[in-house]
Each structure stands twice: as structure tokens, then as C-alpha cells.
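Have a look at the structure below, then the notes.
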Amino acid sequence: MEDELIDSASLSLTRKSQLPGTGFFYPDSLDEDRSEERVAEAVEGAEAVVVADTDADGLGCVALIREAYGATLEWATFEDDLVERVARWEGTGSDDDGSDDADPESEDADRPRSTVALVGAGPYSLDEALENVAEYAPEGIDLYVCDLCPDEYKWIAEELDAARSVASSVSWYDHHQWDDGTADAVREAGVDLVIGESDEECTVDVTLRSLDYDFEDRWIELAEVTRDHDLWLKEDARSDDLADYAYWTDAEEYVSVIGNFGVDLPDIVEQYISLRRVEKQALIEAAVSRAEIKQVGPWTVGVTYGRCSQNEVADALREEGADAAVVVKPAGSASIRGSEGFERAHEVARLVNGGGHPRAAGCKPDIYDDMLDYAHHWTTQGATTKRVILRAFERVAAEVEDAETDAEADERDGDVVTDDGDATDDDGESGVADDNADGDASEDGTDE
């Protein structure tokens, strides 16, 4: 197959929005081999290894751990490369497309390596990452796992045990919502697991308070700004810069910048972000224009398709009245975003091979058996995936309705109605019926 057919840089924005990045077409078998090589190179001679999600939250944890070990790489290692990328964007308005389009062979083998090795992973590749660490890491390392939550312990049991046998200590920092059984099993395996409150902390917060190190104030600021984006608080404009830069650049480059400068990014980084956002905004607008609004149970759900920044798309759909937003990606995965009116994103995601937080979750339905399924996915703009996820919304809505019906029945069973119609408690004390028991707004304008 000709390279031009899968080269995102040569596509129009319309087509780029509807197709996955170049990296999607790189076979898993070859990618697994290269992943092993990358891990072997990264962990050689390391004193510590961090297996982390490669978003701003996960990479912020890596920067913190490197600071504690005195192992931050110098910014000059990456600066020249970024200057060249900025020049290409200024000249053509396009380049590689960040993590989606990264060329697995493009990494600079001559770069210095930190003694705190970074092994990037996601929820679906955590087992592989742990297996590679167990295979290639030196005996006696300190192992950290950051910003990752396994759906079930059995998926990582053997790999974690193997990694534990190599490491002198294993610490795991996260803020996702864990199943109690999974958390107990990880702790019983000899891991120091610290789980933060998912609606109050990001994993950088958890790592910052868990490491036995006296961090400077700039690291506290990093945690605050990272949390602002990761929990979608949207109170600090700098948090979008961190999130975008982490997505668009090499993980090692991001960790180096944050490690050296904190949230005060260098001018060349700000310039790069500004250039990339022109295309980002166009992809957001394309996804919003495709959106459909559906009513599922008590919730209004906005559903769309496209390669885009899902959080900004979700914001736009909320402005159009959606309680929840579903953004289906060309690679087959989907992001589910909630609001004050919908805090069950993680419940929906768990029904379709995913998980996450009450207002932010992700999934990838297990419906792709061959490339014809993907071809159908691209040409129908994710029609099957949308149906599967909307059915999950329907199941959650039904569960909520059943729970509310049971609660009302329990409440009725706990009361005795006297002949004159007044409600009387079981202990004989009479009460007055609540005018707002049906949930209508009270006189002061607040909901009961």
C-alpha cells in the first residue's frame, strides 16, 4: 500500500476528520516488537521505571518522580527539534499529527536517557507494559504505575506479579474509580496503591502528596493546573496548553519541558501550540456540525463522530442543551462526557468495554472483527458504535428508573396513612406532606 493513502498530512481537513491517524494502520504485531525494543532501550541502566498514561496527568507524574530522583532531562535535548517543527508548521500549516500519527521509527536513538525510565501505556496495554518491564528492567528498580486503572485484576495479575519480582518496590498512584476487589488484589500483591478522590484530585495531586520529597511550590502549581483540565474545571486557561502540548508532542519532550519550566512554558512551545490550534479548531467545528441530539431516558445526549478534541466538542454540545456528549473516534474508541445533569459516564462506559469518571469516561466497543467492520465504521461515521453506546445509556437509564421506583416503594412501606389522609411515621408521630416531594423547584429557586 502506498504511503500517501494513510498519510494524514496530505489529507484535506474534511477527510482527516473522518479517518484515523497514520499510526492506526501500523500493524500491532510490528508495533509490539517495536514497543519491546523501546522499553528495553528506555529501562537499560535505570534506577526507577514509571509506567504511565501519556496524557498531561500521567506525564506530570513522571516529571514529579524524575524531580525526586534528580533525573530530569535538559530542555536543550529537545529544543532544536521543536524549532524545526514550528518552522514546518509555519511553512505548510501541517506536519505529523501528534500521538495519532507518530512514526514508531522516528524517535531519536541518540537522545540522552533519564535514569527514571518512562514506559507509556494505556488501559488496554497496561498488561503488555508490565510484561516488558519484567522482561527488560534491571533487578532492584523502583517501579511506579501512574494514572492507570485496570478494569479487572485478572487482566494484569501475571504481569504485575512478574514485574513485582524484578522491582524492589512497587508504588501505584491513580485517581480513577476502582472496583474494591481489584484494589484489594493489587494491594495484596505487595503494591503500595494510593487512589485519590476522582472528583477532587488528578493523579499529579496523588503523586505529589505520596512521594517522600520536599517539592518546590512550582510543582504544587503544576498539580493545580493539571487538575483543572483533567477534572474539566476550566478555571485556568493554562491547563488547555498543558493538555494540548502533551497530546501533540513526544512524551519525553513534554516531561522535560514540565520538569524544567513547570506551567510557565517557553515561547517556542507556546508558538507551537498556537500553530496547531488552527487545525484543532477546524476539526472541532467539523465534529460539532455532524452532531445529533438524542433523548435517552431523562437525559439529552449529543452524539457525533470525528478525529477531534473531545472535551471542546462536548462543551459545544452542552451549550446546545446536551446533558451528555458522546464523541466516536475513527479509530473505534469513544469518549463520553457528562455534566451536572449527568454524572454516570463511567457506568455507561463499563457496559461497552471501558471506564473512567462520573463526568469523563472512555470506551472501545468490542465490535470490530475485521477491516470491513472498520470500513463500515468510517463510511457510516461510526453508526454501529453510536448505537451500541446509546443502548448502554438506555440500560443505565433503566437501572436508574428501577432504583428510583424501589426507593419510592421503600419510602411508602415505611409510612402508615391514617384515615384523615395525613402521613404518620411508624413510631406514631404525625408528619406533614412535603409539597416538593415530587422534586419540583422550591420557592427559593433551588431543587429539592
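The values are calculated or read from the model by the stated rules, or taken from the named source; none is laboratory data. None of these values were measured; they are calculated from a predicted model. Glycine gets a Cβ as well: all are built from the backbone with ideal geometry, and neighbour counts include every protein chain shown.
Laid out as a table, the results:
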{"item": "Extreme residue, surrounded by the most Cβ atoms within 10 Å (Cβ to Cβ), among residues of segment 125-150 that are farther than 21 Å from ASP250 by Cβ and out of contact with any strand residue (DSSP E or B) (no Cβ under 8 Å at 6 or more places or on another chain)", "result": "PRO150"}
{"item": "Filter result for VAL263 (in contact with a helix residue (DSSP H, G or I) (Cβ under 9 Å, 6 or more places away or on another chain), among the aliphatic types (A, V, I, L, M), over 30 Å from ALA68 (Cβ atoms) and at pLDDT 95 or above)", "result": "no"}
{"item": "Yes/no for GLN295 being over 18 Å from LYS234 (Cβ atoms) and either in the same structural domain as ARG227 (by TED's automatic domain parsing) or touching a Leu at 6+ places or on another chain (Cβ under 6 Å) (or both)", "result": "no"}
{"item": "Pick from segment 9-28, criterion touching a residue at least 24 places away in the same chain (Cβ under 8 Å) and either assigned to a loop (DSSP other than H, G, I, E, B) or in the same structural domain as LYS329 (by TED's automatic domain parsing) (or both), ranking: farthest from GLY91 (Cα to Cα)", "result": "TYR26"}
{"item": "Odd one out for LYS294, checked against (1) without any contact (Cβ under 8 Å) to a residue 60 or more places away in the chain; (2) surrounded by fewer than 21 Cβ atoms within 10 Å (Cβ to Cβ); (3) touching a Ser or Thr at 6+ places or on another chain (Cβ under 9 Å)", "result": "(1)"}
{"item": "Residues of segment 184-201 that turn out to be out of contact with any Lys or Arg (no Cβ under 9 Å at 6 or more places or on another chain) and either surrounded by fewer than 18 Cβ atoms within 10 Å (Cβ to Cβ) or of a type in the set (Asp, Glu) (or both), as a count", "result": "5"}
{"item": "Subset of segment 370-410 (residues that are among the β-branched types (Val, Ile, Thr) and over 20 Å from VAL352 (Cα atoms))", "result": "THR379, THR405"}
{"item": "Residue satisfying condition, being under 16 Å from GLN295 (Cβ atoms) and either of a type in the set (Ser, Thr, Tyr) or over 23 Å from the mean Cα position of the chain (by Cα) (or both), within set ALA398, ALA375, ALA325, ALA403", "result": "ALA398"}
{"item": "Test: GLU320 is surrounded by fewer than 18 Cβ atoms within 10 Å (Cβ to Cβ) and in contact (Cβ under 8 Å) with a residue 24 or more places away in the chain", "result": "yes"}
{"item": "Qualifying positions in segment 329-349 - closer than 22 Å to TYR368 by Cα and among the aromatic types (Phe, Trp, Tyr)", "result": "none"}
{"item": "Candidates HIS346, HIS376 - the one that is closer than 29 Å to ASP240 by Cβ and outside any loop (DSSP other than H, G, I, E, B)", "result": "HIS346"}
{"item": "In segment 209-242, the residues that are among the hydrophobic types (A, V, I, L, M, F, W, C), part of a helix (DSSP H, G or I) and either surrounded by fewer than 18 Cβ atoms within 10 Å (Cβ to Cβ) or under 19 Å from the mean Cα position of the chain (by Cα) (or both)", "result": "ILE220, LEU222, ALA223, VAL225, LEU242"}
{"item": "Single match in VAL288, VAL257, VAL303 (criterion: within 20 Å of the chain's Cα centre (by Cα), at pLDDT 95 or above and not in a loop (DSSP other than H, G, I, E, B))", "result": "VAL303"}
{"item": "Some residue of segment 179-192 being at pLDDT 95 or above, farther than 25 Å from ALA163 by Cα and touching a helix residue (DSSP H, G or I) at 6+ places or on another chain (Cβ under 8 Å)", "result": "no"}
{"item": "Single match in ALA71, ALA56 (criterion: touching a Ser or Thr at 6+ places or on another chain (Cβ under 9 Å), over 21 Å from ASP212 (Cβ atoms) and of a type outside the set (S, T, N, Q))", "result": "ALA56"}
{"item": "Condition broken by THR304, with the remaining ones in (1) within 22 Å of PRO20 (Cβ to Cβ); (2) out of contact with any Lys or Arg (no Cβ under 7 Å at 6 or more places or on another chain); (3) of a type outside the set (Gly, Ala, Ser) satisfied", "result": "(2)"}
{"item": "Residues of segment 157-179 classified as part of a helix (DSSP H, G or I), charged (D, E, K, R) and more than 11 Å from VAL191 (Cα to Cα), total", "result": "2"}
{"item": "Test: GLN281 is part of a helix (DSSP H, G or I), farther than 30 Å from ALA397 by Cβ and over 23 Å from the mean Cα position of the chain (by Cα)", "result": "no"}
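Residue-wise test of (1) over 23 Å from the mean Cα position of the chain (by Cα); (2) charged (D, E, K, R); (3) modelled with pLDDT under 85; (4) surrounded by fewer than 20 Cβ atoms within 10 Å (Cβ to Cβ).
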site	(1), (2), (3), (4)
ALA9	yes, no, yes, yes
TYR26	no, no, yes, yes
ALA48	yes, no, no, no
VAL51	no, no, no, no
ASP55	no, yes, no, no
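Here's the yes/no breakdown for (1) assigned by TED's automatic domain parsing to the domain that holds ASP228; (2) in contact (Cβ under 8 Å) with a residue 12 or more places away in the chain; (3) in contact with a strand residue (DSSP E or B) (Cβ under 8 Å, 6 or more places away or on another chain):
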residue: TRP248; (1), (2), (3): yes, yes, no
residue: VAL255; (1), (2), (3): yes, yes, yes
residue: SER274; (1), (2), (3): yes, no, no
residue: TRP299; (1), (2), (3): no, yes, yes
